[in-house]
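To start, the structure under review is shown below, and the notes come after it.
The values are calculated or read from the model by the stated rules, or taken from the named source; none is laboratory data. Treat the numbers as computed from the prediction; the structure is a model and nothing was measured. Virtual Cβ from ideal backbone geometry, glycine too; neighbours counted across all protein chains shown. Quick note on the areas: whole protein, heavy atoms, side chains included, nothing else; ligands and nucleic acids left out. Shrake-Rupley method; radii C 1.70, N 1.55, O 1.52, S 1.80 Å.
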Amino acid sequence: MASKRGALIVLEGVDRAGKTTQCKKLVQALQQVGRPAEMMRFPDRTTTIGQLISAYLEKKSDLEDHTVHLLFSANRWELVPSMKKKLEQGITLVVDRYAFSGAAFTSAKPGFCIDWCKKPDVGLPKPDLVMFLQLSPVEATLRGQFGNERYETSDFQKSVQQKFEQLMKDPSVNWKVIDASQSIEDVHDNIRTHTLNTINTAENTPLGELWK
Ligand code: NYM
């Protein structure tokens, strides 16, 4: 019998919600209980496309808004063959941002509708679980200053949060909202429980296609 597939787990949220910390802790926790797991992040700045995106985010280059949106999407598509291979091998992928960040960040720019923003990502491997780390703007401010990258301003992040809320109304995606204002350990316990349940169900269901 073919081995059971891994689960595709995504963490989303506005900047500074603690996604990266939680992704790392989750991968470690899964490995400790004998579940093969690997972390990925988008944008993946190591590829040629990722380097274009990285220069844009660091404000070292300017790119037209539609163009950079399509590059973020292309950066996901270029990783799809290796993602599918790993999932088939039984490896659970814990992903720091995915197409939801793509749609939320671009549609927060003037002149973009969320439907157009979702289109290039239609058909990507569908996450078995998307956990949204919820953090109020007040709590986010308490975590200190934003960095210097593009999009790192509180007004823009507020619009991004609203776009995420719109995306979360879609019942075709398995969203779970996590209160990110709790301690790192409490957030982790919550995330680990949801993930272990999802891994068990995903084993017996085929991988879906996002927004299709
Ligand atoms: N971002 C991320 C997008 O605008 N579109 C996308 O598709 C993705 C995946 O890039 N501000 C934005 C969100 C973040 C930035 O930051 C990447 P980080 O710190 O590498 O997660």
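Details
- Positive end of the dipole of the chain (Cβ unit charges, origin at the Cα centre): among ILE91, PRO110, TRP77, the Cα lying farthest that way belongs to ILE91.
- Global geometry of region 29-76, whether rounded, prolate or oblate, following the gyration tensor of its Cα atoms and the 1.5 cut on a/c: prolate
- Near-label residues of region 136-152 by backbone N, under 17 Å of a point 7 Å along Cα→Cβ of LYS59: 145-152
- In Hz, Karplus ³J(HN,Hα) per residue of region 147-161 (6.51, -1.76, 1.60; θ = phi - 60°; x = Gly, Pro): x, 9, 6, 4, 6, 8, 10, 5, 5, 5, 5, 5, 5, 4, 4
- Accessible area, probe 1.4 Å, largest first, for residues THR153, THR46: THR46, THR153
- Mean Cβ count within 10 Å, highest first, over the residues of peptides 15-22, 50-57, 171-178, 29-36: 15-22, 50-57, 171-178, 29-36
- The modelled label-to-label distance for the pair VAL138/SER82, using points 7 Å beyond Cα in the direction of Cβ, is 4.3 nm.
- Listed by chain and number, the lysines whose C-alpha is less than 16 Å from the C-alpha of LYS4, apart from same-chain residues fewer than 8 away, are LYS84, LYS85, LYS86.
- Database remark: amide H of THR92 closer than 5 angstrom to the amide H of ALA7, ALA37, GLU38 (H placed geometrically; neighbours at sequence offset of 5 or more, or on other chains; Pro and chain starts carry no H).
- Once backbone amide H atoms are built at 1.01 Å from N, GLY208 has LYS126 as its partners under 5 Å, excluding neighbours fewer than 5 places away on the same chain.
- Length released on extending from VAL177 to THR48, taking residue separation times 0.36 nm less the Cα-Cα span: 43.1 nm
- P(r) of the chain over all Cα-Cα pairs, binned every 5 Å from zero, in whole percent: 1, 7, 15, 19, 21, 17, 12, 5, 1, 0, 0
- Computed [θ] at 222 nm, helices only, for the chain once each DSSP H run of length n ≥ 4 contributes -39500 (n - 2.57): -14000 deg cm²/dmol
- Over region 8-202, Cα pairs under 8 Å with separation of 6+ residues give a relative contact order of 33 percent.
- In this calculation the C-beta distance from GLU149 to ASN204 is compared with R0 = 45 Å, giving a FRET efficiency of 0.65.
- Summary of the geometry: region 1-70 and region 153-175, compared by the centres of their Cα atoms, lie 18 Å apart.
- Considering only GLU38, GLU12, GLU149, the Gaussian network model of the chain with Cα springs below 10 Å gives its largest mean-square fluctuation to GLU149.
- Between LYS176 and VAL130, MET131, PHE132, the built amide H atoms are under 5 Å apart, and every one of these is 5 or more places off in sequence or on another chain.
- Cα→Cβ-extended label distance, 7 Å offset, between GLU165 and ASP115, nm: 2.2 nm
- Put a dot 7 Å past the Cα of SER3, heading toward its Cβ, do the same for HIS66, and the two dots end up 4.4 nm apart.
- Only the Cβ atoms of Lys and Arg (+1) and of Asp and Glu (-1) were treated as charged; on that basis the dipole of region 8-202 about its Cα centre amounts to roughly 340 debye.
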